[in-house]
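Participant: Shown below is the structure under consideration.
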Amino acid sequence: MLRAKIFTLMVMLFAFSSNSFADGLITPKKIYTTQRLSGNSPTIDGQLDETSWKNAQWEGGFIQHEPFEGRTPSQNTKFAVMYNDEYIYVAIKAFDNSTDSINRRMTRRDEIDGDQVGIQFDSYHDLRTAFTFVVSAAGVKEDYLMSNDGESEDKNWDPIWWVKTSMTKDGWQAEMKIPLTQLRFDNKAEHVWGFQVARVLFRKNEFSLWQPIARDASGWVNHLGELHGVKNIKPQKVFDITPYTLAKSENYLAEEGNPYATGTDYGFNAGVDGKIGLTNNLTLDFTVNPDFGQVEADPSEVNLTAYESFFEEKRPFFIEGRNILSFPLMFGDGDLAAQNLFYSRRVGRRPHHYLDLADNEYADMPEFTKILAAAKITGKTSNGWSIGLLESLASEENAEISQLSTTRDELVEPSTNYTVARIQKDIDGGNSIIGGMLTSTNRRLDNTNLTYLHKNAFTSGVDYTQFFKEKTWFFKASGMYSNVQGDSTAILETQMSSARYFQRPDADYLTLDSNLTELSGFSTNLQFGKIGGGKLKFLAAISAKSPGFEVNDIGFLPETDEIMEILWVGYRIYEPFSIFRSLNINVNQWSGWNFGGTNTFNGGNINLNTEFKNYWNLSMGTNVNGNQVSNGILRGGPSIKNPGSFNFWFWMGTNNQKKIRISTSFSINDGFEDYYDRKSVNLSLTYRPTNTLELRLSPSYSTTLRKLQYVDLLSYQSNDRYVFATLDQKVWNLSLRINYNIKPELSIQYWGQPFVAAGKYLDFKYISNPQADKFTNRFIEYSENQLSFNPDAPEYNVDENMDGTDDYYIYYPDFNFKEFLSNLVIRWEYTPGSTVYLVWSQTRDHFIDNGDFNMIQDNSDLFNRVPYNVFMVKFSYRIAL
């Protein structure tokens, strides 16, 4: 049935979309021939008045990419490129007949805004990788490494280069100096590089290119023009060492009798970061005793599920170059995209072990695991091999526990070594790509109290991608394998974890074995689709994750025991028409099964997003999910049927070019059979009073009424009681951001967020018939005669058979949690690659077992709490050899 449905739709899509091949016209590649610089090198001041620039080969001929593809741009642009043995020099003249309309918004590096010009070099000339250098009219840099033919952009690649801009009576201009050490190329007498120059005219949201590229083209880098004339240059290796020192002070409310909470702590730290060219194509990045105190905290949340939350990586060492160390388990760019063989937040994670303290015991507990050292090798060889290798060693962590006059240490995290290796090989000019990945996590667990952790964990994967018809069509296949080893306690916990629940009594296809000392599993992923050549795109994909598949020692995987198929069809209208500048429409369908053959979910979605001619944006869509069978709601109990749901969401934003921008969104999610209701509303107000200052205020509010919220697993007369309740939850938060960019090298950023979440549990019930056809027949609510509240404990006493004797107790789950997080960061890059950070972080939190929500009172209670303040200064100095 499923195979027939996929086959039929693919035949229809092929027949329809093959007619649109002609839409993706192949544009002849332009060639720009550069000149070797003779005489003195130009001074990088943005003036372009030296003789060398006057004698350079200037070229224009730009073509619009957006909004009117193929038309002449509104304003002219010209550029010239020169080089010598050490640098590439670039000059760009952005002519403008309305100079007072040039937007010069000042931002931090890589958060560029306003009018812009940029250049790209595919110096590997592998048709997949491009080194990108962009500058705004205000002189702000943006640089990123484009890989996978434009599919990925690593904006945390921060090369050392120089650029200055200036205003002229004819527009504005930029002058760049890019060291050859920052590019990767072969050692040969004459080079041909992929090459592109681009311009953004901000007030018209117009994007123009020197080398035209069709908007419906597949990929990006393979369509770049060519740079000729680069001769007799030698590959150069980068060698940068950046030591740092850090001092900080922590101030908080002292706790009487606690020797570890005196109210004030002081700290000092030092370390070193480095970047060393092993060859011209391979770079070693390393860090010894790193500190990431300047990184913004994760946003607040309340997670009432059995699954861990995914948080984005924010630490610079792990962000830069992460694309080459990525091995996705799924497809798309939504929540599924987080599933990966490598999740860098595992390195330096919070300790696994939680302390069980006795009365009068106090503990000095490390918040995170210390990374002693980490190193990674990344790059691409001349014969098409992309290589990524990461090695990291995290220290053993102990908590010091004090009771009266004695102290003791308790191990909370073992010494752990993490290894990740990734390779890919381009074949036939990038039309075929084959690759593989290996990871290992090795813990020192001998003679420890942490035998519930895996001692060794290994994963491997292979992937293959084949493009067809000028990369318009593609087929992708991947297979993954995992093996975890350890004490039988650890493997039993893995079998019983929320990712798989082997102990489910109705899972006759699973076997829970308490004697196992290792567990293995597999996953696979097949995709076929059309990504270029016309307005119609589509994807058909199927994935499978066996119940024993486990990657969470170094990867991220919420659930296994799943087979999933999706179909996606997208239609793109690139040219402005009617009131629209562009319009995208998407239709999706999905279904899932477990490895026992049970159909666990079905659903569909239709959505659109558009930009209007007044530069407003709109997105909206609706999801419909059919009835589901959940293997996880009872957290190890039998699977349970769950009603389907309907969801509608809407987002609209005003013109980003204006000083004031407002965006708003809301969503409505209604469960069938009245089992679930969630509503949320979000607002964002951005105000730019000057080009250097941006203020953004973003409040959010949501309400959730869920008829089945897990509470506890209890026992009654030798029977399991899966206790649930109706959850009435309200969540409010307010995010404030202030960005003051004094100049490109000096900025002040502030982020603060008060957060309040309250949940009240009502109508307690237990699951009686999880597979009943009618939702209300799947549980039995406790009557007033069966349930009584004891405020002294607090807890609920349950007299299920109503004989006057309490049979069991339900803990009181109501909560009211409040938290305030804030970061103030002053950053000064006093010389390229060398920085000073001044940081002030503040945290306040408050918890009470009360489910009442009162926004005014809750915020008053929160800000009456004594804050936890951290003040830090960090100084780094780059030494280039």
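The values are calculated or read from the model by the stated rules, or taken from the named source; none is laboratory data. Keep in mind the model is a prediction, meaning the values are calculated, not measured. Cβ coordinates were reconstructed from backbone atoms using ideal geometry, including for glycine residues, and neighbour counts include every protein chain displayed. Calculation scope for accessible area: heavy atoms of the full protein, side chains included, ligands and nucleic acids excluded. Shrake-Rupley method; radii C 1.70, N 1.55, O 1.52, S 1.80 Å.
Participant: Would the range 456-470 turn up any residue that is more than 30 Å from Asp426 (Cα to Cα) and among the small types (Gly, Ala, Ser)?
Facilitator: There is no residue in the range 456-470 that is more than 30 Å from Asp426 (Cα to Cα) and among the small types (Gly, Ala, Ser).
Participant: Tell me, which residue of the range 107-145 that is farther than 15 Å from Phe202 by Cα and touching a helix residue (DSSP H, G or I) at 6+ places or on another chain (Cβ under 6 Å) is most open to solvent (accessible area, probe 1.4 Å)?
Facilitator: That would be Leu127.
Participant: I've got another one for you. Select, from Ser405, Ser460, the only residue that is surrounded by fewer than 17 Cβ atoms within 10 Å (Cβ to Cβ) and either under 30 Å from Asn594 (Cβ atoms) or among the hydroxyl-bearing types (Ser, Thr, Tyr) (or both).
Facilitator: Testing whether each residue is surrounded by fewer than 17 Cβ atoms within 10 Å (Cβ to Cβ) and either under 30 Å from Asn594 (Cβ atoms) or among the hydroxyl-bearing types (Ser, Thr, Tyr) (or both) leaves just Ser405.
Participant: Could you please find all residues in the range 265-288 being in contact (Cβ under 8 Å) with a residue 40 or more places away in the chain and open to solvent by 30 Å² or more (accessible area, probe 1.4 Å)?
Facilitator: Across the range 265-288, the qualifying residues are Asp273, Leu278, Thr279, Leu282, Leu284, Phe286, Val288.
Participant: Let me ask something additional. When the residues of the range 704-726 are narrowed to those that are among the polar types (S, T, N, Q) and either in contact with a Ser or Thr (Cβ under 8 Å, 6 or more places away or on another chain) or within 17 Å of Leu634 (Cα to Cα) (or both), which ends up modelled with the lowest pLDDT?
Facilitator: Asn719
Participant: Can you find a residue in the range 444-454 that is in a strand (DSSP E or B) and either touching a Leu at 6+ places or on another chain (Cβ under 9 Å) or surrounded by 15 or more Cβ atoms within 10 Å (Cβ to Cβ) (or both)?
Facilitator: no
Participant: Within the range 302-360, how many residues turn out to be touching a Gly at 6+ places or on another chain (Cβ under 9 Å), open to solvent by less than 30 Å² (accessible area, probe 1.4 Å) and assigned to a helix (DSSP H, G or I)?
Facilitator: 3
Participant: Are there any pairs with C-beta distances below 7 angstrom linking a residue in the range 642-662 that is among the aliphatic types (A, V, I, L, M) to a residue that is not in a strand (DSSP E or B), with the two at least 6 apart or on different chains, and if so which?
Facilitator: Met652/Trp616; Ile662/Thr654
Participant: Here's another thing I want to ask about it. Picking from Thr181, Thr165, which residue would you name as being part of a helix (DSSP H, G or I) and open to solvent by 10 Å² or more (accessible area, probe 1.4 Å)?
Facilitator: Thr181
Participant: Listed residues Ile780, Ile748, Ile742; which is open to solvent by 30 Å² or more (accessible area, probe 1.4 Å), touching a residue at least 60 places away in the same chain (Cβ under 8 Å), over 30 Å from Ser860 (Cα atoms) and β-branched (Val, Ile, Thr)?
Facilitator: Ile742
Participant: Here's a follow-up. Only one of these is over 29 Å from Trp751 (Cβ atoms), assigned to a loop (DSSP other than H, G, I, E, B) and under 26 Å from the mean Cα position of the chain (by Cα): Gly632, Gly636. Name it.
Facilitator: Of the residues listed, the single one that is over 29 Å from Trp751 (Cβ atoms), assigned to a loop (DSSP other than H, G, I, E, B) and under 26 Å from the mean Cα position of the chain (by Cα) is Gly632.
Participant: What residue, among those in the range 550-591 that are under 30 Å from Gly486 (Cβ atoms) and of a type in the set (S, T, N, Q), is surrounded by the fewest Cβ atoms within 10 Å (Cβ to Cβ)?
Facilitator: Asn552
Participant: Which is closer than 27 Å to Glu396 by Cα and either among the polar types (S, T, N, Q) or in contact (Cβ under 8 Å) with a residue 40 or more places away in the chain (or both), of Phe368, Phe331, Phe317?
Facilitator: Phe317
Participant: Please find, within the range 823-865, the residue that is nearest to Leu727 (Cα to Cα) out of those that are open to solvent by 40 Å² or more (accessible area, probe 1.4 Å) and of a type in the set (S, T, N, Q).
Facilitator: My answer is Asn850.
Participant: Return the total of residues in the range 740-770 being among the acidic types (Asp, Glu) and at pLDDT below 95.
Facilitator: Number satisfying all stated conditions: 1.
Participant: Conditions: (1) surrounded by 17 or more Cβ atoms within 10 Å (Cβ to Cβ); (2) of a type outside the set (Ser, Thr, Tyr); (3) out of contact with any Pro (no Cβ under 7 Å at 6 or more places or on another chain). Ile371 meets all but one. Number of the miss?
Facilitator: All conditions are met except number (3).
Participant: Ok, one more. Is it the case that the range 702-709 has a residue that's among the hydrophobic types (A, V, I, L, M, F, W, C), closer than 30 Å to Leu787 by Cβ and over 23 Å from the mean Cα position of the chain (by Cα)?
Facilitator: Taking every residue of the range 702-709 in turn, at least one turns out to be among the hydrophobic types (A, V, I, L, M, F, W, C), closer than 30 Å to Leu787 by Cβ and over 23 Å from the mean Cα position of the chain (by Cα).
Participant: With Ser680, Ser684, Ser663, Ser700 as the choices, which residue is in contact with a Gly (Cβ under 7 Å, 6 or more places away or on another chain) and either open to solvent by 70 Å² or more (accessible area, probe 1.4 Å) or assigned to a strand (DSSP E or B) (or both)?
Facilitator: Step by step, each of Ser680, Ser684, Ser663, Ser700 is checked, and only Ser663 is in contact with a Gly (Cβ under 7 Å, 6 or more places away or on another chain) and either open to solvent by 70 Å² or more (accessible area, probe 1.4 Å) or assigned to a strand (DSSP E or B) (or both).
Participant: Part of a strand (DSSP E or B), touching a strand residue (DSSP E or B) at 6+ places or on another chain (Cβ under 8 Å), under 24 Å from Ala793 (Cβ atoms) and not hydroxyl-bearing (Ser, Thr, Tyr) - does that describe any residue in the range 849-866?
Facilitator: Checked the range 849-866: no residue is part of a strand (DSSP E or B), touching a strand residue (DSSP E or B) at 6+ places or on another chain (Cβ under 8 Å), under 24 Å from Ala793 (Cβ atoms) and not hydroxyl-bearing (Ser, Thr, Tyr).
Participant: Next up: Out of the residues in the range 412-436 that are within 17 Å of Gly321 (Cα to Cα) and among the hydrophobic types (A, V, I, L, M, F, W, C), state the one that is most open to solvent (accessible area, probe 1.4 Å).
Facilitator: Of everything passing the filter in the range 412-436, Ile423 is most open to solvent (accessible area, probe 1.4 Å).
Participant: If a residue must be open to solvent by 50 Å² or more (accessible area, probe 1.4 Å) and closer than 30 Å to Asn40 by Cα, how many such residues does the range 60-86 contain?
Facilitator: Residues flagged as open to solvent by 50 Å² or more (accessible area, probe 1.4 Å) and closer than 30 Å to Asn40 by Cα within the range 60-86 amount to 5.
Participant: Please go through the range 153-162 and pick out each residue that is open to solvent by 20 Å² or more (accessible area, probe 1.4 Å) and either assigned to a strand (DSSP E or B) or closer than 15 Å to Phe121 by Cβ (or both).
Facilitator: If the condition is that a residue be open to solvent by 20 Å² or more (accessible area, probe 1.4 Å) and either assigned to a strand (DSSP E or B) or closer than 15 Å to Phe121 by Cβ (or both), then Glu153, Trp157, Trp162 are the ones that fit.
Participant: Of the numbered conditions (1) surrounded by fewer than 16 Cβ atoms within 10 Å (Cβ to Cβ); (2) at pLDDT 95 or above, Asp674 fails exactly one; give the number of that condition.
Facilitator: (2)
Participant: If the Cβ limit is 6 Å and pairs must be 6+ apart or interchain, which residue in the range 66-77 that is touching a residue at least 60 places away in the same chain (Cβ under 8 Å) pairs with which residue that is part of a loop (DSSP other than H, G, I, E, B) and not hydrophobic (A, V, I, L, M, F, W, C)?
Facilitator: If the second residue must be part of a loop (DSSP other than H, G, I, E, B) and not hydrophobic (A, V, I, L, M, F, W, C), the pairs left are Pro67/Pro576; Glu69/Arg215; Gln75/Asp96.
Participant: Looking at the structure I just gave you, is Trp210 within 24 Å of the chain's Cα centre (by Cα) and under 26 Å from Asp149 (Cα atoms)?
Facilitator: Judged against the criteria, Trp210 is not a match.
Participant: Moving to a separate point now. Filter the range 545-578 for residues that are without any contact (Cβ under 8 Å) to a residue 24 or more places away in the chain and either touching an Asp or Glu at 6+ places or on another chain (Cβ under 7 Å) or at positive phi (or both) and give the result.
Facilitator: If the condition is that a residue be without any contact (Cβ under 8 Å) to a residue 24 or more places away in the chain and either touching an Asp or Glu at 6+ places or on another chain (Cβ under 7 Å) or at positive phi (or both), then Ser578 is the only one that fits.
Participant: While we're looking at this one, here's another question. Considering only residues that are at pLDDT below 95 and open to solvent by less than 60 Å² (accessible area, probe 1.4 Å), look in the range 385-394 and name the one that is farthest from Leu355 (Cα to Cα).
Facilitator: Selected residue: Ser386.
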